[in-house]
Amino acid sequence: MSQEKFWVLLTKKLSGEASAEELKELENLITENPGWQYAIQNLGDLWNQQPPADHMQAEDAYMLHLHRMTEMSIPFGDSFPELPPVTARNSIRKWYWVAAAAVIITLGYLGFSKLLSKTGGEKPVTQKEVNEISTRKGSKSEIKLPDGSLVWLNAGSKLTYTKEYGQLNREVSLTGEGYFDVVKMKDKPFIIHTSNINIKVLGTVFNVKAYPEDKQTETSLIRGSIEVTINNRPSDKIILSPNEKLVVENEIFLKKEAEKYNLKYTPPTVSVNKLKYNQEDSTVVETQWVANKLVFNDLSFGEIVVMMERWYNVVIDLHDEVLEQTRMTGNFEKESIGQALEALKLTIPFRYDQTENKIIIHR
């Protein structure tokens, strides 16, 4: 029943028709079922899309999926929520879009379960035990874990944890970048696994940047204390203090770079540095993305291009080694991708061609 209530409350929230009590109830359901964050993100994107000129197309899709559920003997009837009546034409169109999406997701889940029961099979362990929350390029999301800890995921990131989270352990795996505000639990330390490092904390605020394609993995401590172990040096433990940042070079990136530029490969280095602060407002540079600011400090143009691809959800080809190695400092907040590129051209001359979300940069 809670899942059915979730669909009703979510669609009412998206249409602006939910009361304060209903919004609170929805928040509680999301807290109890953090795995629904993916559905929330996708339905929110769907709601904000321009609906088709003829809403009958959406209505037909909605009815088609109801018919398929009937054919598969999947009960919905009274158990599936009846959509509240609305009068605005645009709202009606969007109701059908969201309802159709809800039916598709429910159909996929129920249909798969029913198929397994007919064949005598069981759901794979990973399907039952792992929650996965991801953000696409060009988007971010905020997550509340079952223990109350908060996580902000940057663009192109993924967070996974098992159903035992908060009960037997508090372990998560991160690919990409996340800002963590962890609830203190002395008997259950909070542990983050990335491809290069593992981080252990009791309760603190910190940022982890661990994109596989980046040159470095970084852990920036804002408040509290954390213990970091490096995967290829398990016996070494590094304790960070507030305002410190651990930087570990990514071995895969270094090997690719050495091969690309015909350089001698050097093993990854590990360093502990101080956090960087903006002179204007004393904010931490490493966590500016949480405030919707893309900030880069003395990075190569090649590294900045990778950040911009994630930030703006575009594909950028940089066909010039000199440009790629040129270092720059700057920040963007409300600028479009075109405005950002024009601003960078003031620092280093270059030309670019853009076709939809594909950009080619050259001199």
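The values are calculated or read from the model by the stated rules, or taken from the named source; none is laboratory data. Everything numeric here is computed off the predicted structure, so don't read it as measured data. Every residue, glycine among them, receives a Cβ derived from its backbone with ideal geometry; neighbour counts consider all protein chains shown. These accessible areas exclude ligands, DNA and RNA; they are computed on the full protein's heavy atoms, side chains included. Shrake-Rupley method; radii C 1.70, N 1.55, O 1.52, S 1.80 Å.
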Report summary line: Partner aspartates and glutamates whose C-alpha sits under 17 Å from that of Lys358, ignoring same-chain residues fewer than 8 away, are Glu309, Asp317, Asp320, Glu342
Query raised in the report: Using a 1.4 Å probe, what is the accessible area per residue for region 172-249, in Å²?
Result: 40 Å²
Report summary line: Note, Glu21: beta-carbon cut-off 15 Å, +1 each Lys/Arg, -1 each Asp/Glu, net 0
Query raised in the report: If the limit is 26 Å between Cα atoms, which of Lys13/Lys200; Lys12/Lys293; Lys215/Lys293; Lys137/Lys200; Lys137/Lys274 go over it?
Result: Lys13/Lys200; Lys12/Lys293; Lys137/Lys200; Lys137/Lys274
Query raised in the report: Quick one: which of 199-206, 334-341, 220-227 comes out on top by average Cβ neighbours within 10 Å, and what's the full order, highest first?
Result: 199-206, 220-227, 334-341
Report summary line: Per region 209-318, sqrt(5λ) over the Cα gyration tensor eigenvalues, sorted largest first, in Å, gives 24, 22, 11
